[in-house]
Amino acid sequence: MGKANKWNGHCACGAIQYESTEEPSLSFICQCRQCQRATGSGHAALFVVSKNSTTVTGEMKFYDQKADSGNIVSRGFCPECGSPVMNKTTSYPDNLIFNVATLEDPDIFDPTTAVFSEFSQSWDYINPKLR
Ligand SMILES: [Zn+2]
Ligand SMILES: [Zn+2]
């Protein structure tokens, strides 16, 4: 589990910075097609923290996608370097969902589940214990 007590990070160019003072309520892998496109890879690695515990500096840009459930997912990225940094969803308005690789120390990530594995690509290996 976490060896750092702060979950902080930044985009590739550093224009967006964030810090959360609490442990994530959920850490997971998402293999949905939208996450594949947004990350340019087989899955997104994500952790969820509350808005209240989190400070974000810098201006992110967001684009909205409508999920099959009708919820809106807003994907936030750095307008300078294009790194995907953080997502918001209308189904959990008090939470922020960060992309793990933006962390200062991504090794503190400890996912407990993988979702939308039915959309996984054959070359995208996920630890079977997460499925
Ligand atoms: Zn950036
Ligand atoms: Zn996804």
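The values are calculated or read from the model by the stated rules, or taken from the named source; none is laboratory data. The structure presented is a predicted model; accordingly, all values stated were derived computationally and were not measured. In this analysis, Cβ positions are derived from the backbone assuming ideal geometry, glycine residues included, and neighbour counts consider all displayed protein chains. We work out accessible area using only protein heavy atoms, side chains counted, and drop any ligands, DNA or RNA first. Shrake-Rupley method; radii C 1.70, N 1.55, O 1.52, S 1.80 Å.
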Notebook entry, point to check: So what are the ³J(HN,Hα) numbers for segment 50-62, from phi and the Karplus equation (6.51, -1.76, 1.60; θ = phi - 60°), rounded to whole Hz, Gly and Pro as x?
Noted result: 7, 4, 4, 8, 10, 10, 10, 10, x, 9, 8, 9, 10
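Under 1.5 on a/c is rounded, so check that first for segment 1-61, then, if it is not, pick prolate when a/b is larger than b/c and oblate when it is not; a ≥ b ≥ c are the square roots of the alpha carbon gyration tensor eigenvalues. Walk me through the numbers on the way to the answer.
On the way: a/c = 2.04, a/b = 1.26, b/c = 1.62.
It is oblate, given that a/c is not under 1.5 and a/b is not larger than b/c.
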Check: How large is ³J(HN,Hα), in whole Hz, for each residue of segment 66-78 in order, when computed from phi with the Karplus curve 6.51 cos²θ - 1.76 cosθ + 1.60 and θ = phi - 60°, using x for Gly and Pro?
Finding: 8, 7, 4, 6, x, 5, 9, 9, 9, 9, x, 9, 7
Notebook entry, point to check: With charges only on Cβ, +1 for K and R and -1 for D and E, what is the dipole size of segment 1-116 about its Cα centre, in debye, rounded to 20?
Noted result: 380
Next item on the list: Would you mind working out the accessible area per residue for segment 1-119, using a 1.4 Å probe, and quoting it in Å²?
Entry: 54
Checklist line | Separation in nanometres of the label points that stand 7 Å from Cα toward Cβ, at PHE62 and GLN121 | finding: 2.8
Next item on the list: Please say if the chain is rounded, prolate or oblate, where rounded means a/c under 1.5 for a ≥ b ≥ c the square roots of the C-alpha gyration tensor eigenvalues, and otherwise the choice is prolate for a/b larger than b/c and oblate otherwise?
Entry: rounded
Next item on the list: Leaving ligands, DNA and RNA out of it, report the carbon-plus-sulfur percent of the accessible area of the chain at a 1.4 Å probe.
Entry: 49
